[in-house]
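The values are calculated or read from the model by the stated rules, or taken from the named source; none is laboratory data. Since the model is a prediction, treat every value here as computed from it, not as a measurement. Positions of Cβ are generated from backbone atoms using ideal geometry, with glycine treated the same way; all protein chains shown enter the neighbour counts.
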Amino acid sequence: MSETKAKTPSPWVRYAIEYGPLLIFFLTYKFAPYDRLVATLVATGVFMAAIVVALIAAVVLLKRVPPITWLSAVLVVVMGGITLYFHDARFIQMKPTLIYAILAAILFAGLIRRKPVLKWLFGEIFPGLSETGWLKLTRNWAFFFLFLALANEVLRARLSFDAWLTVKVWGVTIVSIIFAAANVPMLLRHGLDPEEKEKPLDLGAVE
């Protein structure tokens, strides 16, 4: 009797786990039939539940949850809980600032020790990339995360919650994709194997 090989989950499963909670947060807020404060609180509660479900799905289906995903989930639950307790949307808006600042600090600390911490945070997603390439990529993302942390503080101070959420979901995603693409030439110069199937950087988990 031949052995049944375990099926690799579809990439769409991975994308749903990573991007699903944030998209659910966005849609719940936009279509909740309440005033904006209540809609924010309802969407925050749904966001917290969705990210817990996503974590469970990742453990069951993917067998591995990157550290960045755990960090993001913990901050969503903590800041979301504070938001619900105080009825103040500013706390859930601060969550991206915190996670970007924490990531930047971790990456810069690794650079000081000449350790490409990005490899540990996101896994071996770039086959063939040299240690120098990982260090340069870590440096680039450290500065990018610092930029995102500062930008989030400016945006949440100047925009309405509605406008801030739209920028967070769509604007940050587009900017991150462009930034990731801009790093590809450097990665190719430092050993990235274009013949291997490259996995996308798990920025979707950084909600």
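Observations on the model:
- In region 103-124, the residues that are within 15 Å of the chain's Cα centre (by Cα) and at pLDDT below 75: 121, 122, 123
- Odd one out for residue 109, checked against (1) closer than 18 Å to residue 20 by Cβ; (2) small (Gly, Ala, Ser); (3) without any contact (Cβ under 8 Å) to a residue 12 or more places away in the chain: (1)
- For region 112-140, taking the residues that are in contact (Cβ under 8 Å) with a residue 60 or more places away in the chain and either in a helix (DSSP H, G or I) or among the hydroxyl-bearing types (Ser, Thr, Tyr) (or both), the one that is surrounded by the fewest Cβ atoms within 10 Å (Cβ to Cβ) is identified as 130.
- Test result for residue 90, out of contact with any strand residue (DSSP E or B) (no Cβ under 7 Å at 6 or more places or on another chain), basic (Lys, Arg), closer than 25 Å to residue 47 by Cα and surrounded by fewer than 17 Cβ atoms within 10 Å (Cβ to Cβ): yes
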